[in-house]
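Here is the structure we will look at, set down as structure tokens.
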Amino acid sequence: MQKTELPPFESMEEMAAVTASSLAKAAASSAFTIFKDKNFRRLARFDALPVAEHDRIFNELLIAGLTLQMLTLEAPDLHIDDDMRPFLKQIASEIPAAHVRELAVLGIPEENQREWIQLIGMRYEEYAADRHKARSASMQIEIEELRRPLDREVMDGIQAMVPVQVVTIGSHDHICRGKTDGYDELFKFMLGNLSRFYVEMRLAYEGRPLTPLKRATIAVKRLFRRR
């Protein structure tokens, strides 16, 4: 395979913007894969929904991918050098604008572009605010299952799963317009797919196996049984 040369960057800001554009495209690809999946459509009961509602659901899936990337880049347990954290945070802040640039290329009007910026910001703030609640719920589940105080390994696993957990819970709620009763299987399907997307991101950033995430998966399965 021929080695490709990275283009020269004049500044860290330019590098962050280019990286954010790549991540925004990856989020769109992930959202489209889930959206077209026949099992997702069956579980979301697409046959009973108008086309406009299909479009809204795709938008929520796309926002889920974008916000998951942002929360992952900012995750305190991400195993990277400390001097890289400001740069990753800068990339995270560039992701909404990167997505809007893609919309502009597609000819989406500026008014709609501004609406996207606002919506991504709203969802990000919502999901970020839910991180503590999700972590506390997972800790309670583990305590009840293990019947003993939580050790470092368990806590690391819980922390590792927080970004994908809060995004899945939030996006599932929005896709169902708050009426989530009877849609537990849809939640499980979404969590499985978003978790794979999340693991790929973490591996790309950390470059090593995600041992804590393996432990976190057990906690999530327990959460399934209690929903």
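The values are calculated or read from the model by the stated rules, or taken from the named source; none is laboratory data. In this text, all values refer to a predicted model and were calculated from it rather than measured experimentally. Counting neighbours? That spans all protein chains shown, and the Cβs are built from the backbone with ideal geometry, glycine included. Quick note on the areas: whole protein, heavy atoms, side chains included, nothing else; ligands and nucleic acids left out. Shrake-Rupley method; radii C 1.70, N 1.55, O 1.52, S 1.80 Å.
Go through the residues of the range 64-82 one by one and say whether even a single one is without any contact (Cβ under 8 Å) to a residue 60 or more places away in the chain and over 21 Å from the mean Cα position of the chain (by Cα).
Within the range 64-82 (the criterion being without any contact (Cβ under 8 Å) to a residue 60 or more places away in the chain and over 21 Å from the mean Cα position of the chain (by Cα)), the answer is yes, since at least one residue qualifies.
Could you figure out which of (1) open to solvent by 60 Å² or more (accessible area, probe 1.4 Å); (2) touching a helix residue (DSSP H, G or I) at 6+ places or on another chain (Cβ under 9 Å) isn't true of ASP82?
Condition (2) is where ASP82 drops out.
Is it true that some residue in the range 160-167 is modelled with pLDDT of 85 or more, in contact with a helix residue (DSSP H, G or I) (Cβ under 7 Å, 6 or more places away or on another chain) and not β-branched (Val, Ile, Thr)?
Within the range 160-167 (the criterion being modelled with pLDDT of 85 or more, in contact with a helix residue (DSSP H, G or I) (Cβ under 7 Å, 6 or more places away or on another chain) and not β-branched (Val, Ile, Thr)), the answer is yes, since at least one residue qualifies.
Please go through the range 113-122 and give me each residue that is open to solvent by 60 Å² or more (accessible area, probe 1.4 Å) and touching a helix residue (DSSP H, G or I) at 6+ places or on another chain (Cβ under 7 Å), ordered by number.
Within the range 113-122, ILE117 is the sole residue that qualifies.
Can ALA92 be described as over 19 Å from LEU119 (Cβ atoms), hydrophobic (A, V, I, L, M, F, W, C), out of contact with any Phe, Trp or Tyr (no Cβ under 7 Å at 6 or more places or on another chain) and surrounded by 17 or more Cβ atoms within 10 Å (Cβ to Cβ)?
Against the criterion (over 19 Å from LEU119 (Cβ atoms), hydrophobic (A, V, I, L, M, F, W, C), out of contact with any Phe, Trp or Tyr (no Cβ under 7 Å at 6 or more places or on another chain) and surrounded by 17 or more Cβ atoms within 10 Å (Cβ to Cβ)), ALA92 does not qualify.
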